[in-house]
């Protein structure tokens, strides 16, 4: 692995005063990796991503993006610094066509050239290219996830955060989705993903973290973590079932 | 736009076919208008009908132009801005102020529009932004808007008095086209309304900031995490709304001839009607909504005594909303 | 120490004695401290009326104080005024302010809705006499407990005055189109005019009613001129007529010389907001004062000497209302509202000795002795009917010439 793209140290965050969801999370994502964060419901997985993008203000600890602190910045500034985020739901502009969704994605870094980035995205997601004039609200669930990823990738982020990309998808689309994530990673994008579908996600990840009660519980290489019975029994109930 | 997110959640898995109904509504409306026009010509003759139509377009033009800014705030910021009528008034009175300072009328108007845009941004900074940060709910925002409207109105009264004012334009000169008479300034107001509608509509459609505004209106949270500077979008929306309100207020004041600080509040209900009828957040919708109200009111004077004119406009509003709840240009709500 | 205390006590005692003497001594005739309230249209849709009406009440209070002095009658009359804004709610709160300042009678307001709001809100209950310049016949039928008096004639008389004016300047039995702003004033006057005009053999070819808050009046204006009437009666207020009049002119078929307007459209100088083409040449009627009498000459002299706003319609009526309140109070020997209300008829009693503003001092002497009098006002003698309205009145017929109101004749209407 080369440089560390994203580092958090003892990150503390929560939505209301005195109630912290994250009680000191430390993770590292190196360039080119897929890192998956798993854990039981309420472990703070989604909150971690929201703290990274700036939707939840961190109360303690630090966040470094490519070595620079981003903790406390508003989301628009964090996106400009090179962090892309795909929310779990409502992650496309439904009233706008696909191409306009992608245009909006490029707003933080217009200097990259709209045409070039659109072509790159249509190459990565051919289905979007076929339907570039179609209104996003009329897309299927899987297509929406692709569009959401493509939108986040438009400004060439240093790292892409995915919040449960397979949530709500029909089983036959889940495989397709993971393939897409892998393809995006192969194209050179570092990925930090939160997933309910833990076994599948860890299996395709370079490394994984298990969170519990807002703290690091376990970490290791992705496939190894997925096979670790201790992890499975304690935190990923029904993993093999 | 408000309902789209829910619908999206409910059927995230299915593809949708929402486009067809949306396209047909304006066309349907146009057909109804043409048929009604023909019927009125048959009943009352061409001259009377054409004159009533022109009058309706003029009256509707004021409303439509005034409603565009209101629609932007409602559509993009989801705020029911009861103070919008008073921004129209502010435009007219800023014109008086700058005229009094010695500027020529047209320059004074331009300055007044800029000043009103600044005033609108100021309300955002002083009232709306703090309220949003404090987590104010719909009712709080609603009441604050009414309060702000009163503050603006009485502020204007405090400085300018409540007596009747004019901008000193020639309101009796008219254009005659065949049997139709039309006030020169009314024609100017109508043409300006159409041009501004086109400019705002095209700007929303094609410019960068327009696209960002639409994205913001569609999904504010997503716009934020997409890297859009939402603070800037909010400010630009207020400035545009204030600028358009002032333009509408000035044109209304100029064309109707005389006014006092209460003209905004008397127009406000009609402005909301035009906004809702046209489809919230849609510039074309606001103007078309205004024109539909104006036409229906003026056409009604052919059939009924003019005293029923205001009632006709609002009866029509209710009827049309029963038929097309999203308004003429609004997004069709998907079934889930 | 002891000395200074004693001196202090002595000084205090002396002061008390002097006060006691002053209170019981010279004022054998009861002193009168009367406050008259005025509800003025200082702002709002009728703000043209505010300044002249205010001046009329001020002149009347000055005249009252002077008359009391001339008569050697110990009375102080004070004026307190408030802005009724042309709005019923505002008028009521303004009236409450006046009553808080001890107003014993209230002159004004200028519209019927305001008057009804003030009546029901405060003056009826406190038996305070109310002297509106509103002219709707509706004020006759409200339950006022005999507290409303009008020195202005009601609209049925005005409707007849309009008929007389049109017959004179356009002709008998002609076609008339009526347009009025959708309000009780216009509604009642329009109905009264229609009945009287048709009784005289004329025809009303169009009645167009419009809402004052419309964004456009062009269709309404178009209907008025489309009727090809020989005369137009437009019952409106200056604020709306600024817009409606402009719309009439824009039709290209409007001739202001065929236009007749009622008293709500009577102003000494045409407001800038009304286009000249919409008003110059138009005729109007307004309750007038008898011309050529000594009282009128004196009133006009007072008005001109005081400076300020020019004279206009109804100022004499307001002046008279204020004087009547004062004389009734003198007659009652009291500034108690109910007592004043009870004496109004005793100072306008037919057959009693007559007085005018020329000998107001004598009127005060007679009234303070408790004798009935007959005050013949600047606007004529008052024969209040059961409902508090005058039974007849002179009407001025005026014409707008170059933006100015010029009285051209007077008609007596019964």
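Any idea which of A:162, A:169 is more than 10 Å from chain B (Cβ to nearest Cβ) and either over 20 Å from the mean Cα position of the chain (by Cα) or more than 22 Å from residue B:233 (Cβ to Cβ) (or both)? If you could, list the steps in order and put the result at the bottom.
Numbers: A:169 fails: more than 10 Å from chain B (Cβ to nearest Cβ).
Result: A:162 is the single residue among A:162, A:169 that is more than 10 Å from chain B (Cβ to nearest Cβ) and either over 20 Å from the mean Cα position of the chain (by Cα) or more than 22 Å from residue B:233 (Cβ to Cβ) (or both).
Within the stretch B:258-270, track down each residue that is facing chain C (nearest Cβ under 10 Å), assigned to a helix (DSSP H, G or I) and either crowded, with 24+ Cβ neighbours inside 10 Å or at positive phi (or both).
The answer is B:267, B:270.
Identify, from the list B:255, B:286, the residue that is over 30 Å from residue B:27 (Cβ atoms), modelled with pLDDT under 90, more than 14 Å from chain A (Cβ to nearest Cβ) and assigned to a helix (DSSP H, G or I). It would help to see each step written out before you state the result.
Numbers: B:286 fails: over 30 Å from residue B:27 (Cβ atoms).
Sole residue among the options that is over 30 Å from residue B:27 (Cβ atoms), modelled with pLDDT under 90, more than 14 Å from chain A (Cβ to nearest Cβ) and assigned to a helix (DSSP H, G or I): B:255.
Looking only at the stretch A:113-142, which residues are within 13 Å of another protein chain (Cβ to nearest Cβ) and under 19 Å from residue B:223 (Cβ atoms)? Walk me through how you get there before you give the answer.
The first filter runs over the stretch A:113-142 and keeps only residues within 13 Å of another protein chain (Cβ to nearest Cβ), leaving A:114, A:127, A:131, A:133-142.
Across the stretch A:113-142, the qualifying residues are A:114, A:135, A:136, A:137, A:139.
Being over 23 Å from the mean Cα position of the chain (by Cα), crowded, with 17+ Cβ neighbours inside 10 Å and over 17 Å from residue C:65 (Cβ atoms) is the filter here, so list the residues in the stretch C:354-372 that pass it.
C:366, C:372
Being under 16 Å from the mean Cα position of the chain (by Cα) and either assigned to a strand (DSSP E or B) or within 20 Å of residue A:158 (Cβ to Cβ) (or both) is true for just one of A:7, A:12, A:25. Which residue is that? Talk me through it step by step, then tell me what you get.
Details: A:12 fails: under 16 Å from the mean Cα position of the chain (by Cα); A:25 fails: under 16 Å from the mean Cα position of the chain (by Cα).
Going through A:7, A:12, A:25 in turn, the sole match is A:7.
Among the helices (runs of 4 or more DSSP H) confined wholly to the stretch C:1-119, which include 2 or more residues that are within 19 Å of residue C:333 (Cα to Cα) and at pLDDT 90 or above? Reasoning before the result, please.
Numbers: elements: C:2-24, C:50-70, C:88-100, C:112-118.
Correct list: C:50-70.
Counting just the residues of the stretch B:113-128 that are under 23 Å from the mean Cα position of the chain (by Cα) and surrounded by fewer than 17 Cβ atoms within 10 Å (Cβ to Cβ), which one comes out nearest to residue B:91 (Cα to Cα)?
Let us first name the residues in the stretch B:113-128 that are under 23 Å from the mean Cα position of the chain (by Cα), namely B:113-125, B:127-128.
Then keep just the ones that are surrounded by fewer than 17 Cβ atoms within 10 Å (Cβ to Cβ); that gives B:114, B:118, B:122, B:125.
Values: B:114: 9, B:118: 11, B:122: 15, B:125: 19 Å.
So, considering only residues that are under 23 Å from the mean Cα position of the chain (by Cα) and surrounded by fewer than 17 Cβ atoms within 10 Å (Cβ to Cβ), the one nearest to residue B:91 (Cα to Cα) is B:114.
Just give me the residues in the stretch B:148-164 being in contact with a helix residue (DSSP H, G or I) (Cβ under 6 Å, 6 or more places away or on another chain), within 14 Å of chain C (Cβ to nearest Cβ) and at pLDDT 85 or above, in sequence order.
B:153, B:156, B:160 - these are the residues of the stretch B:148-164 that are in contact with a helix residue (DSSP H, G or I) (Cβ under 6 Å, 6 or more places away or on another chain), within 14 Å of chain C (Cβ to nearest Cβ) and at pLDDT 85 or above.
Which ones in the stretch C:355-390 are farther than 24 Å from residue C:135 by Cα and without any contact (Cβ under 8 Å) to a residue 24 or more places away in the chain?
C:355, C:359, C:366, C:369, C:371
Determine, yes or no, whether residue B:189 is part of a helix (DSSP H, G or I) and either modelled with pLDDT of 95 or more or surrounded by 20 or more Cβ atoms within 10 Å (Cβ to Cβ) (or both). Before you say what the answer is, go through the steps one by one.
On the way: part of a helix (DSSP H, G or I): yes; either modelled with pLDDT of 95 or more or surrounded by 20 or more Cβ atoms within 10 Å (Cβ to Cβ) (or both): yes.
Criteria met by residue B:189.
Can you name the number of the only condition in (1) crowded, with 16+ Cβ neighbours inside 10 Å; (2) more than 14 Å from chain C (Cβ to nearest Cβ); (3) farther than 19 Å from residue B:88 by Cβ that residue B:145 fails?
Looking at each condition in turn, residue B:145 falls short on (3).
Among the helices (runs of 4 or more DSSP H) contained in the stretch B:1-101, which hold 2 or more residues that are within 14 Å of chain C (Cβ to nearest Cβ) and modelled with pLDDT under 90?
Fully inside the stretch B:1-101 and qualifying: B:46-76.
Of the residues C:310, C:212, which single one is outside the structural domain of residue C:150 (by TED's automatic domain parsing), surrounded by fewer than 19 Cβ atoms within 10 Å (Cβ to Cβ) and touching a strand residue (DSSP E or B) at 6+ places or on another chain (Cβ under 9 Å)?
Working: C:310 fails: outside the structural domain of residue C:150 (by TED's automatic domain parsing).
It is C:212.
In this structure, does residue C:176 turn out to be away from chain B (no Cβ under 14 Å), within 20 Å of residue C:111 (Cβ to Cβ) and part of a strand (DSSP E or B)? So that I can check it myself, show each step before the final result.
Details: away from chain B (no Cβ under 14 Å): yes; within 20 Å of residue C:111 (Cβ to Cβ): no; part of a strand (DSSP E or B): yes.
It is false that residue C:176 is away from chain B (no Cβ under 14 Å), within 20 Å of residue C:111 (Cβ to Cβ) and part of a strand (DSSP E or B).
The values are calculated or read from the model by the stated rules, or taken from the named source; none is laboratory data. All figures in this text were calculated on a predicted structure; none of them were measured in a lab. Note that each Cβ is placed from the backbone with ideal geometry, even for glycine, and that neighbours are counted across all protein chains shown.
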